[in-house]
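Peer 1: Sharing a structure below in C-alpha cells format, with a few things to ask.
We did not get these values from a lab; they are worked out from the coordinates using the rules stated. Quick caveat: nothing in here was measured; it's all calculated off a predicted structure. Ideal geometry is used to build each Cβ from the backbone, glycine not excepted, and the neighbour counts take in all protein chains shown.
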Amino acid sequence: MLKIGCHLSSAKGYLAMGKEAVRIGANTFQFFTRNPRGGRAKPLDEADVAVFRAFAQERGLLPILAHAPYTLNACAADEGLRTFARETMADDLARLEHIPGSFYNFHPGSHVRQGMETGVARIAEHLNAILRPEQSTTVLLETMAGKGSEVGGSFAELCAILDRVHLPEKLGVCLDTCHVHDAGYDICGDLDGVLEEFDRVVGLARLRAVHLNDSKNLRGSRKDRHEKLGFGTIGLEALARVVNHPALRGLPFYLETPNDLDGYAQEIACVKGLAGVE
Ligand code: FE
Ligand code: FE
Ligand code: ZN
C-alpha cells in the first residue's frame with residue numbers, strides 16, 4: 001500500500017490535521033512540533049490527542065511524522081544553543097509519546113567552522129542525551145543538501161553519527177529527494193546506484209521515510225530550495241522511479257513542496273497516479 005502525505009499546519013491541533021489529511025487524499029502527514037523557528041510549544045491538548053488517536057487508527061493515518069524546528073542546532077559551538085536544542089527535542093519526544101510509534105525528524109545541524117568531525121561528535125552526544133530505551137518514537141536524521149556547514153549532506157556523515165549513538169534502534173534516516181539531489185547524488189540518472197551507496201554506507205534498513213520534493217536548483221548546488229513535483233530539476237520521471245523503487249516500497253512519502261492544500265491534493269493524486277494506485 002502506498003503511504004503518501006504532505007506537510008500540514010499544526011495550528012488547529014491533531015484532529016484538524018487528521019481530517020485535513022483525509023480530505024486531500026493523504027493517509028499520513030507531517031507537521032512541525034512547534035513554531036519552525038523554535039520557541040515555546042502550545043500546551044498539549046489531551047482531549048484533542050485522544051480523539052485524534054482513535055480517528056487516525058480508524059483511517060489508517062499512523063505513523064505520522066513530527067518535524068523538529070529547523071533552527072535548532074544540536075552541534076552549535078555555543079553551549080546555550082546546544083542546551084536549547086537538547087531541551088526542546090527532549091520535550092518534543094516526551095509529548096510525542098502521546099501518539100505511540102511516531103517518527104520525529106530533525107536536521108542534524110551546522111558545525112559552523114568547528115569542522116565536520118566536531119559536528120558529528122556533538123550531534124551524537126545530543127542524541128545520547130535525549131534518546132530513552134523506553135520511548136516508542138523513532139528519531140530520524142534528515143539527509144541534507146550540504147548548504148553552508150550543514151552536517152548530513154553525505155551518507156558517510158549520517159553513518160558517522162549513527163555509529164556513535166548508544167541506542168541506534170531508536171534512530172533512522174529520512175531521505176529528502178531535493179536535499180540529496182542538491183547535495184550531488186544523481187537520483188535522476190542513477191537512482192539504483194544512489195540507493196546501493198546508501199545501503200552500503202548507512203543500510204537501507206535504517207531508511208524509514210522519504211521527503212518527496214522536486215528541486216529549484218541543479219544537482220550539487222547545495223542550495224535546498226524545494227519545487228513542486230514536475231516543475232523542477234529532478235522532474236516527474238525521476239520522481240516516479242523513486243516512488244516505485246523496490247528498495248523504497250512500504251516507506252511513507254511526504255510532500256514538502258510549495259503548495260496550498262488544493263495544490264497538495266493535486267500532487268497526492270499525481271503521486272498515486274505515478275504509483276498506479278486508485
Ligand atoms: Fe526538513
Ligand atoms: Fe525535508
Ligand atoms: Zn529542504
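Here's the yes/no breakdown for (1) closer than 30 Å to ARG132 by Cα; (2) among the basic types (Lys, Arg); (3) touching a Leu at 6+ places or on another chain (Cβ under 9 Å); (4) within 16 Å of ligand 2 (Cβ to nearest atom):
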{"position": "VAL165", "(1), (2), (3), (4)": "yes, no, yes, no"}
{"position": "LYS170", "(1), (2), (3), (4)": "yes, yes, yes, no"}
{"position": "THR177", "(1), (2), (3), (4)": "yes, no, yes, yes"}
{"position": "LEU207", "(1), (2), (3), (4)": "yes, no, yes, yes"}
{"position": "VAL210", "(1), (2), (3), (4)": "yes, no, yes, yes"}
{"position": "GLY230", "(1), (2), (3), (4)": "no, no, yes, no"}
{"position": "GLU256", "(1), (2), (3), (4)": "yes, no, yes, yes"}
{"position": "ASP260", "(1), (2), (3), (4)": "no, no, no, no"}
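Peer 1: Are there any pairs, at least 6 apart or on different chains, whose C-beta atoms fall under 9 Å, with the first in the range 251-276 and in contact (Cβ under 8 Å) with a residue 40 or more places away in the chain and the second among the hydroxyl-bearing types (Ser, Thr, Tyr) and part of a loop (DSSP other than H, G, I, E, B), and if so, which?
Peer 2: As it stands, the answer is TYR264/THR257; GLU267/THR257, since those pairs meet every condition given.
Peer 1: Can you tell me which residues in the range 201-257 are of a type in the set (S, T, N, Q) and either closer than 13 Å to LEU175 by Cβ or part of a helix (DSSP H, G or I) (or both)?
Peer 2: The first filter runs over the range 201-257 and keeps only residues of a type in the set (S, T, N, Q), leaving 213, 215, 217, 221, 233, 244, 257.
ASN213, ASN244, listed by residue number.
Peer 1: Among the helices (runs of 4 or more DSSP H) lying completely within the range 49-168, list those that include at least 3 residues that are among the hydrophobic types (A, V, I, L, M, F, W, C), in contact (Cβ under 8 Å) with a residue 24 or more places away in the chain and closer than 23 Å to GLU197 by Cα.
Peer 2: Because the criterion is at least 3 residues that are among the hydrophobic types (A, V, I, L, M, F, W, C), in contact (Cβ under 8 Å) with a residue 24 or more places away in the chain and closer than 23 Å to GLU197 by Cα, the helices (runs of 4 or more DSSP H) in the range 49-168 that meet it are 116-130, 155-164.
Peer 1: Filter the range 90-115 down to the residues that are on the phi < 0 side of the Ramachandran plot and either within 16 Å of ligand 3 (Cβ to nearest atom) or among the small types (Gly, Ala, Ser) (or both) and list them by number.
Peer 2: Scanning the range 90-115 gives ALA90, ALA94, SER102, ASN105, PHE106, HIS107, PRO108, SER110.
Peer 1: Would you please name the residue that is nearest to ARG113 (Cα to Cα), looking only at residues in the range 33-48 that are touching a residue at least 12 places away in the same chain (Cβ under 8 Å) and more than 18 Å from the chain's Cα centre (by Cα)?
Peer 2: GLY39
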